[in-house]
Amino acid sequence: MSEYPINFSSMEVERLNKQAQYLSDPELSNCAEGMKSCLEIGCGVGSNIPSIRLKNSNIKYVGIDICSASIKEATKKHEDDKTEFINISGDQIIYSE
């Protein structure tokens, strides 16, 4: 798996959170409003979770990322029974009906 080239200092995590706020689509919280669950591919440290949960605090969130350090940081930051982080690459997802 790939690793994040910049360590996850508190300053870097804060930078990533601010970046997510600036780049967040205002419709993200509207999309999540009526949903039961959300899968984010390339979740990083989970910086989009506040936007996703803005109008739906009960949504089940699953984030995947190729970087194990990102997943470790996200897990520390967002520990609750409605949040799960998985260290895999998006191309490892297998869809079946």
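The values are calculated or read from the model by the stated rules, or taken from the named source; none is laboratory data. Worth saying up front: this structure is predicted, and the values here are computed from it rather than measured. Cβ placement follows ideal geometry from the backbone for every residue including glycine, while neighbour counts extend to all protein chains displayed. Accessible surface is based on the protein model in full, side chains and every heavy atom, while ligands, DNA and RNA are left aside. Shrake-Rupley method; radii C 1.70, N 1.55, O 1.52, S 1.80 Å.
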Calculated FRET efficiency, Ile94 and Lys36, Cβ-Cβ r, R0 30 Å, to nearest 0.05?
-> 0.90
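Rounded to a whole number, what % of the accessible area of the chain do carbon and sulfur atoms account for, probe 1.4 Å? It would help to have the intermediate numbers written out before the result.
Numbers: 3490 of 6480 Å².
The value for the chain is 54 percent carbon and sulfur by accessible area.
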P(r) for the chain: what percent of alpha-carbon pairs falls in each 10 Å bin, starting at zero?
-> 16, 47, 33, 4, 0
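Over the stretch 51-97, what lengths in whole Å, largest first, do the semi-axes of the equivalent ellipsoid take, defined as the square roots of 5 times the eigenvalues of the alpha-carbon gyration tensor?
20, 16, 8
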Pull up the cross-link candidates among the lysines for Lys72, meaning alpha carbon to alpha carbon under 17 Å and not fewer than 8 places away within one chain.
-> Lys82
Among the aspartates and glutamates, which have Cα under 16 Å from the Cα of Lys76 when same-chain residues fewer than 8 positions away are ignored?
-> Glu12, Glu14, Asp65, Glu84
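Sorted by packing (mean other beta-carbon atoms within 10 Å per residue), highest first, where do 50-59, 63-72 land? Mind dumping the intermediate values first?
On the way: 50-59: 15.4, 63-72: 20.3.
Highest to lowest by the protection proxy: 63-72, 50-59.
Expected output is a single nm value to one decimal: the length gained when fully extending between Ile86 and Ser10, i.e. 0.36 nm times separation in residues minus the C-alpha distance. What is it? All intermediate terms of the calculation are to be shown ahead of the outcome.
Numbers: separation 76, 0.36 × 76 = 27.36 nm, distance 2.17 nm.
In short, 25.2 nm is gained.
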